[in-house]
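The next block holds one structure in the form of structure tokens; read it before the comments.
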Amino acid sequence: LADNAVECLHNEHYDRAYNVQNLNFRTLIFSGGRQRENLAGDWRFTLDLHDTGLRQKWFLMQKQDAETRKDPYDYDPYSGQTVPVPSCWQMLKDKWFYYEGSAWYTREIEYAKRDPDERVFLRIGAANYDCKIFLNHQFIGNHYGGSTPFCAELSTPIKAGNNVLMICVNNTRTTDRLPLRNNDWFNYGGIYREIELIRTPRNYIHDLFVYLVPDGNFNRIAARITVDGPATDVTLMIPELGINQILPVVDGQAEVILSVSPELWSPENPKRYKVRSMLGRDSVEDDVGFRQIEVVGTDIRLNGKSIYLRGVNCHEDDLFMGKVTCEDDIRQRFRDAKALNCNYMRLAHYPHHELAARIADEEGILLWEEIPNYWAVDFTNPSTQRDAHNQLMELILRDRNRASVIIWSVGNENADTDERLSFMTSLVNAARDADPSRLISAACLVNHAKMKIEDRLTEYLDIIGLNEYYGWYEENFDDLIVLGKNSSPTKPVVITETGAEGVLSEDAPKTGPFSEQYMADVYRKQTEYLPKLTWVRGFTPWLLYDYRTERRQNPWQQGFNCKGLITADKKTRKAAFYVLRDFYENLKKVES
Ligand code: GCB
């Protein structure tokens, strides 16, 4: 297996390993209510631009005394510099800022069995992008995808006492991945979310999915429990609804439809129920809200009532922490969104931290979640296809019990080719198969020659997402009015992006593009015109905070996209913030 790891350097060999390995990694993506042993802390670390570590097999190195050792070596996994994990290496040293390549993390872990037949898994919340795991000098597996959690089973290679865990993370942007090389957010690298050990009994609950049956009656809950091991039955409990049932397991799965009328979850009443499942000594639990989201004509309905999605976009980016995020940061995002009178957010352009949807459930904010199928992608490449499916499935498995998440998005601004249509409809179908309780969307395209919304993908979606920058990239704002007149969609449209840059620094322009006033004017025009289009049922301007991105390098941007309603330090609100806040305030009044 160690040799495989070296072959993994080359994509054509990599595919063979990848197919199997990534699937195995899905095992404990749902791990609600489980005890976790946090492996955060200082890990030995080195950059490895030429992948010397794989060629020289650093993962085979034993601990040796510095004085008596005989072999020359280029990395010592047992001594030298350390970095905190989780972190993004760009944020740790100036000279690592633009680094793209491999980096090695090593730490020793003490392990003692608590139960004779326990199983042990390593769960990584996210590592960008390609992550190879080695335990006690053995290659365990390789995960592709920079924003979703994955688990590797360590039960066999782990031993009592001291163990050596080595992880090689590579953030190189290549042409067979999502996203591809060209995008508009910063390519942070490293293990940037929680890394933990989870112990389970030999037979354990692998997944629990519970949802309100979307038939308009609000009186049936569906539950699906997947187990690993030769179980014959599993228990399901929702104590507050008086449910305590033993369900038969057939082919590793138990399914049931319960006749029960829960209090419905909504932004005004984010009610959640404790759901528990037990299998022998194993148990998992989750806090689940029950709600129905549907589309009727050009209307979006939550629990049968028409709703306008008053939203804003957000990247996961911090001036000091990069992509590392924490509960306070996520809570601040929702506070700022609520200060704008939002009931909805688009978490662009990749799966954000899993806590985001948990907190949104609690706070009553609706969410759009998406995978980084962004701009140009190699739609003909089977590796890219597998990568897209895998990221989508990992996201759905992670968040499908979250009432707040109402939309899965399968892409953003991808050119309308035959290859793209077949690639993306297969993602739409996969999302529908995995989850009947949400809507599917994508940010679609305008036909600029005909000045109308025209994109073959829209036929397969529930909601049409539309990115339009009239007043900014499309300088003539009135073209939006032409577009509005020429388009007559039969499905609801959500304006997934619009906006303008507004820079607050001393030397920034005071009028015209890049000025705060110009940005506010674009917001004024957009928010005056859009309510006239009855088929527009939601709005998420681009975006809540300014954020770091390599591609923006004019004198005022200096490495930041400045379309934020709030500055990158998350402190100062720009004039456009108040325009949007007032617009949403009025919409709220009209609705009530
Ligand atoms: C877009 C993209 C978004 C960019 C934004 C911009 O259409 O979807 O990722 O950052 O425009 O600022 O240009």
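The values are calculated or read from the model by the stated rules, or taken from the named source; none is laboratory data. All figures in this text were calculated on a predicted structure; none of them were measured in a lab. In this analysis, Cβ positions are derived from the backbone assuming ideal geometry, glycine residues included, and neighbour counts consider all displayed protein chains. Ligands, DNA and RNA are stripped out before the accessible areas are found, and what is left, the full protein with its side chains, is counted by its heavy atoms. Shrake-Rupley method; radii C 1.70, N 1.55, O 1.52, S 1.80 Å.
Taking label positions 7 Å along the Cα-Cβ direction at both Thr175 and Lys63, the computed distance is 4.6 nm, reported to one decimal.
Average 1/r across all pairs of distinct alpha carbons in segment 275-420, invert it, and you get the Kirkwood radius: 17.0 Å. The loop-placed chymotrypsin sites (Phe, Trp or Tyr not before Pro) in segment 459-506, going by DSSP, that have at most 12 neighbouring Cβ atoms within 10 Å of their Cβ come out as Tyr473. Once the 1.4 Å probe is applied to the protein heavy atoms, segment 271-421 comes out at 28 Å² accessible per residue. Projecting the Cα positions of Pro157, Ser259, Tyr192 onto the charge dipole of the chain (unit charges on Cβ atoms of Lys, Arg, Asp and Glu, taken about the Cα centre) puts Ser259 furthest along the positive direction.
Looking at the chain, the DSSP beta bridges with both ends there are about 75 percent antiparallel. Consider a paramagnetic label point 7 Å from the Cα of Ala112 along Cα→Cβ; state which residues of segment 152-166 have an amide N under 11 Å from it. Hits in segment 152-166 for Ala112 at 11 Å: 161. Assuming charge only on the beta carbon of Lys and Arg (+1) and of Asp and Glu (-1), the dipole of the chain about its Cα centre is about 880 debye to the nearest 20.
Express the Stokes-Einstein translational diffusion coefficient of segment 173-314 in µm² s⁻¹, to the nearest whole number, given a Kirkwood radius over alpha-carbon pairs, 4 °C and a viscosity of 1.567 mPa s. Reported coefficient: 70 µm²/s. Across segment 28-36, rounded Karplus estimates of 3J(HN,Hα) from the backbone phi angles (6.51 cos²θ - 1.76 cosθ + 1.60, θ = phi - 60°) give 10, 4, 7, 9, x, x, 7, 6, 10 Hz, Gly and Pro being marked x. Think of the chain as a dipole: +1 on every Lys or Arg Cβ, -1 on every Asp or Glu Cβ, centred on the Cα centre; then among His206, Tyr473, Val234, Val234 lies furthest on the positive end. Once the C-beta distance of Tyr78 and Ala508 is scaled by a Förster radius of 30 Å, the resulting FRET efficiency is 0.05 to the nearest 0.05. Most tightly packed first, judged by the mean number of other beta-carbon atoms within 10 Å of their residues, the peptides 524-536, 385-397 read 385-397, 524-536.
How much of the accessible area of segment 102-182, in percent, comes from carbon and sulfur atoms when a 1.4 Å probe is used?
The C+S portion of the solvent-accessible surface of segment 102-182 is 47 percent.
Dividing the summed -39500 (n - 2.57) terms of all DSSP H runs of n ≥ 4 by the residue count of the chain sets its mean residue ellipticity at 222 nm at -6500 deg cm²/dmol.
Candidate cross-link partners of Lys70 among the lysines, defined by an alpha-carbon separation under 30 Å and a same-chain spacing of 8 or more, comprise Lys57, Lys132, Lys159.
Looking at the P(r) of the chain, how many percent of alpha-carbon pairs lie beyond 48 Å?
Cα-Cα pairs in the chain separated by more than 48 Å: 13 percent.
The modelled label-to-label distance for the pair Lys532/Arg551, using points 7 Å beyond Cα in the direction of Cβ, is 3.1 nm. The packing ranking, built from the mean of other Cβ atoms within 10 Å per residue, places the peptides 501-514, 405-418, 266-279 in the order 405-418, 266-279, 501-514, highest first.
Which percent of the accessible heavy-atom area of segment 349-421 goes to carbon and sulfur, probe 1.4 angstrom? Spell out each step's value before the answer.
Working: 820 of 1560 Å².
Result for segment 349-421: 53 percent of the exposed heavy-atom area is carbon or sulfur.
Where does each of Leu92, Leu212, Leu49 land when they are ordered by accessible area, with a 1.4 Å probe and the largest first?
Leu49, Leu92, Leu212
Considering only Cα-Cα distances, which of the following residue pairs are longer than 21 Å: Lys532/Lys589; Lys532/Lys588; Lys452/Lys532; Lys63/Lys93?
Lys63/Lys93
Using θ = phi - 60° in the Karplus curve 6.51 cos²θ - 1.76 cosθ + 1.60, the 3J(HN,Hα) couplings for segment 562-577 round to 9, 8, x, 6, 10, 5, 5, 7, 6, 10, 9, 7, 8, 4, 4, 3 Hz; x is entered for Gly and Pro.
Determine which residues of segment 113-147 fall in the zone a paramagnetic label at Asp71 would reach in this model, i.e. backbone nitrogen under 13 Å from the point 7 Å along Cα→Cβ. Inside the label zone: 137-138.
Hey, which of these cross-link pairs are over 27 Å Cα-Cα: Lys113/Lys274; Lys338/Lys510; Lys95/Lys574; Lys95/Lys338; Lys450/Lys491?
Lys113/Lys274; Lys338/Lys510; Lys95/Lys574; Lys95/Lys338
Distance from the C-alpha centroid of segment 42-62 to that of segment 202-257: 44 Å, rounded to the whole angstrom. Under Stokes-Einstein, with the Kirkwood radius over Cα pairs as Rh, the value for segment 294-377 at 4 °C and 1.567 mPa s is 93 µm²/s.
For Lys570, the aspartates and glutamates whose Cα falls under 14 Å of its own Cα, not counting residues fewer than eight places away in the same chain, are Glu316, Asp317, Asp318, Asp328, Asp329, Asp336, Asp546.
Sparse packing (at most 15 other Cβ atoms within 10 Å of the Cβ) combined with a DSSP loop state is found for the following trypsin sites (Lys or Arg not before Pro) in segment 535-577: Arg551, Lys571.
If you plug the beta carbon distance of Phe320 and Gln517 into 1/(1 + (r/R0)^6) with R0 = 25 Å, you get a FRET efficiency near 0.30. Note on Glu474 and Asp94: their simple-model spin labels are 4.4 nm apart, each label 7 Å out from Cα toward Cβ.
Using a probe of 1.4 angstrom and keeping all protein chains present, the accessible surface of segment 460-592 works out to 42 square angstrom per residue.
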